[in-house]
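These notes concern the structure reproduced below.
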Amino acid sequence: MIDYQGFSSILNRHIFGEEKRDLLERIVKNPERFIGLFRPTKPESKILQNIFQSREIRFGDAMEEITKKVLESLGYRVLDSQINSDLRVDIYFCSGNKFYMVEQKIRDDHDSTKKKGQFANFQEKFRLLLSRHSGNLEGIMWFVDPSLAKNRNYYLGEIRKLKRKTKCQEIFLFYGPEFFDYINVPGLWDNLLEWLLVWKESLPTIPDIDFDTDPDGSFEQIKSLEPTSCTNLNRGGFRA
């Protein structure tokens, strides 16, 4: 089973591992997002905003990997998430001839347009895999943060419709610890909460965007950038 060291290692790798390199790539591709005259912020503030937004996305990616590690430790076989050329499931695993798909999101706080698109996406993947596995599939929507459940009633209603259409009753909506109860490791949720508190205590209040603070680490991250990217950065007045 995963421990705090493994947990924090995955978070740090996803969130900080390529952060500087990816930031520079975003600046090169869309410099107007950072230095445009009609931005009500200075470039430094916009960079910080971009970093915080990127960390939210990367946190979700890290939680997916952590969940997969837990499943593997329980004896499940984690499968390739890319189920065809266009569709990717967040978590796809099996035990014997029983298959499971999980669409994992951090929080349920979407507006009406996004919630409809999100369920339509879930439904498309579920139908595809249901036909592939001759009905031997369980589908799960899981929102990791249990404090936000804005669209719970909407998702439950859509799941009821999908059950009737597919004649499959194994479709679930989970929040927070409910997923770990489902896979029979209820105590793990409390561990994750404790580890998150410890990990967050180690974070600085404001991200360090000075590449010279750790020049060797910065170089390791950005050395794979295309030469043209570095040239464009210099032309734009940015300095690493």
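The values are calculated or read from the model by the stated rules, or taken from the named source; none is laboratory data. Quick caveat: nothing in here was measured; it's all calculated off a predicted structure. Positions of Cβ are backbone-derived with ideal geometry, glycine not excepted, and every protein chain shown enters the neighbour counts. Accessible surface areas use protein heavy atoms only, side chains included; no ligands, DNA or RNA. Shrake-Rupley method; radii C 1.70, N 1.55, O 1.52, S 1.80 Å.
Out of the stretch 42-87, which residues are hydroxyl-bearing (S, T, Y) and at pLDDT 90 or above?
Within the stretch 42-87, T67, S73, Y76, S81, S85 meet the criteria.
Taking the stretch 152-171 only, how many residues are outside any loop (DSSP other than H, G, I, E, B) and either touching a residue at least 40 places away in the same chain (Cβ under 8 Å) or touching a helix residue (DSSP H, G or I) at 6+ places or on another chain (Cβ under 7 Å) (or both)?
7
What is the residue count in the stretch 116-129 for residues that are open to solvent by less than 40 Å² (accessible area, probe 1.4 Å) and in contact (Cβ under 8 Å) with a residue 40 or more places away in the chain?
Final tally of qualifying residues: 3.
How many residues does the stretch 161-202 contain that are open to solvent by less than 80 Å² (accessible area, probe 1.4 Å) and of a type in the set (G, A, S)?
The number of residues fulfilling the criteria is 2.
For the stretch 130-151, check the following and say yes or no: at least one residue is part of a loop (DSSP other than H, G, I, E, B), open to solvent by less than 50 Å² (accessible area, probe 1.4 Å), at positive phi and modelled with pLDDT under 95.
Within the stretch 130-151, one or more residues are part of a loop (DSSP other than H, G, I, E, B), open to solvent by less than 50 Å² (accessible area, probe 1.4 Å), at positive phi and modelled with pLDDT under 95.
Kindly check whether there is at least one residue in the stretch 86-98 that is in contact (Cβ under 8 Å) with a residue 12 or more places away in the chain, in contact with a helix residue (DSSP H, G or I) (Cβ under 8 Å, 6 or more places away or on another chain), of a type in the set (V, I, T) and buried (at least 17 other Cβ atoms within 10 Å of the Cβ).
Scanning the stretch 86-98 turns up at least one residue that is in contact (Cβ under 8 Å) with a residue 12 or more places away in the chain, in contact with a helix residue (DSSP H, G or I) (Cβ under 8 Å, 6 or more places away or on another chain), of a type in the set (V, I, T) and buried (at least 17 other Cβ atoms within 10 Å of the Cβ).
Quick one: T113 ticks every box in (1) surrounded by 15 or more Cβ atoms within 10 Å (Cβ to Cβ); (2) more than 30 Å from W199 (Cβ to Cβ); (3) among the polar types (S, T, N, Q) bar one, so which box is it?
(1)
Among the residues of the stretch 99-110 satisfying the criterion of being in a strand (DSSP E or B) and in contact (Cβ under 8 Å) with a residue 40 or more places away in the chain, which is most open to solvent (accessible area, probe 1.4 Å)?
Going through the qualifying residues, I end up with K105.
Take residues that are closer than 27 Å to K200 by Cβ and free of Cβ contacts under 8 Å to residues at least 12 places away in the same chain and tell me which of the helices (runs of 4 or more DSSP H) falling wholly in the stretch 1-50 contain 3 or more.
4-16
Given the conditions (1) open to solvent by 50 Å² or more (accessible area, probe 1.4 Å); (2) free of Cβ contacts under 8 Å to residues at least 24 places away in the same chain, report the number of the one that V78 does not fulfil.
(1)
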